[in-house]
Ligand code: AMP
Ligand code: MG
């Protein structure tokens, strides 16, 4: 009997402020196409739920769940999608793990700097002090039974930039799997998730970008059924008066952190990888490495501020350093 030929189906869409690409492999092209389209529908749904700049009037019926939660801060709980409750619940756990460095209520600080907006500025210390009082994940009140979320202080706001992409990627992979796809790669701007092996045959090879030369790689990872997500100071940075500021901000100082140039986390699912890459980026390199080493099923590659490469011991089989 003649074996059917494995083919690739690839599709791209601009979502969550980045180009998302899905590549699937299999013998049934119609199935690859259908599964990919459904995966994109799911990603778009998560993007729409979590977009905090969804429109001007955050109470409009087409407002995202995150916009409505932010608008209702200090007023009343908002009924939201189960996925939003899930994201908030899981993200809150990492605030404790990082002693408050990772905190999705960073919204007011991001706004003060002007990230995601037309104009940016370096805030003065008084302004920073004022907004830092609004950063506190303990004030995210969730009711899982009623599916509600509430920020208990007025002017607080959620920013899910560190986590939503990974969550959406993982949901998309679940859709592909449920459709019977055995081999796929999703790339959402630094968020990589692979399903099975490439062509069902060999591990996927995924490069870790050199943070100071984006045309070079610091290493190549071999992945099977895993995710690799990078947080880097070269993504989404802003320039003010000739100085570059990165987009990951310490809730202690209100300023971008500078201990790492990039952190790549490798683990089974894209959501954990996304949360942790940002969380470890916020920590001192050695502490971040120690935490990654301690956590089960987590591997990490860090490029520290001196451009040295640090990695967890379990990676030796998985990475080729260039
Ligand atoms: P990522 O690219 O996944 O590392 O996420 C970076 C994004 O996370 C930023 O663009 C902000 O939206 C958000 N963010 C910035 N600082 C923090 C922080 N301290 N804790 C949680 N999220 C943050
Ligand atoms: Mg992240």
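The values are calculated or read from the model by the stated rules, or taken from the named source; none is laboratory data. Treat the numbers as computed from the prediction; the structure is a model and nothing was measured. Here the Cβ positions follow ideal geometry from the backbone for every residue, glycine too, while neighbour counts run over all protein chains shown.
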Would you pick out the residues in the range 246-263 that are farther than 23 Å from residue 208 by Cβ, touching a strand residue (DSSP E or B) at 6+ places or on another chain (Cβ under 7 Å) and more than 8 Å from ligand 1 (Cβ to nearest atom)? 255
Any idea which residue in the range 121-164 is nearest to ligand 2 (Cβ to nearest atom), counting only those that are under 24 Å from residue 256 (Cβ atoms) and part of a strand (DSSP E or B)? 140
Would you confirm whether any residue within the range 152-164 is within 19 Å of residue 47 (Cβ to Cβ) and more than 16 Å from ligand 1 (Cβ to nearest atom)? no
Quick one: in the range 287-321, of everything that is outside any loop (DSSP other than H, G, I, E, B) and without any contact (Cβ under 8 Å) to a residue 12 or more places away in the chain, which residue is nearest to ligand 1 (Cβ to nearest atom)? 287
Do you know which residues across the range 307-318 are more than 12 Å from residue 264 (Cα to Cα) and touching a strand residue (DSSP E or B) at 6+ places or on another chain (Cβ under 9 Å)? 307, 308, 313, 314, 317, 318
Per-region count, the range 180-202, residues outside any strand (DSSP E or B), more than 16 Å from ligand 2 (Cβ to nearest atom) and buried (at least 18 other Cβ atoms within 10 Å of the Cβ): 2
Can you find a residue in the range 96-111 that is closer than 30 Å to residue 199 by Cα and either surrounded by 15 or more Cβ atoms within 10 Å (Cβ to Cβ) or at pLDDT 95 or above (or both)? no
Is it the case, given these coordinates, that residue 63 is surrounded by 17 or more Cβ atoms within 10 Å (Cβ to Cβ) and either modelled with pLDDT of 95 or more or touching a helix residue (DSSP H, G or I) at 6+ places or on another chain (Cβ under 7 Å) (or both)? no
Of the candidates 258, 297, the one satisfying the condition of being modelled with pLDDT under 95, surrounded by fewer than 15 Cβ atoms within 10 Å (Cβ to Cβ) and within 20 Å of the chain's Cα centre (by Cα) is 258
Set 268, 322: member being more than 22 Å from residue 103 (Cα to Cα), within 17 Å of the chain's Cα centre (by Cα) and surrounded by fewer than 18 Cβ atoms within 10 Å (Cβ to Cβ): 268
Subset tally (residues that are in a strand (DSSP E or B), in contact (Cβ under 8 Å) with a residue 40 or more places away in the chain and within 9 Å of ligand 2 (Cβ to nearest atom)) for the range 264-279: 0
Exactly one condition in (1) assigned to a helix (DSSP H, G or I); (2) touching a residue at least 40 places away in the same chain (Cβ under 8 Å); (3) surrounded by fewer than 20 Cβ atoms within 10 Å (Cβ to Cβ) is false for residue 93; which is it? (2)
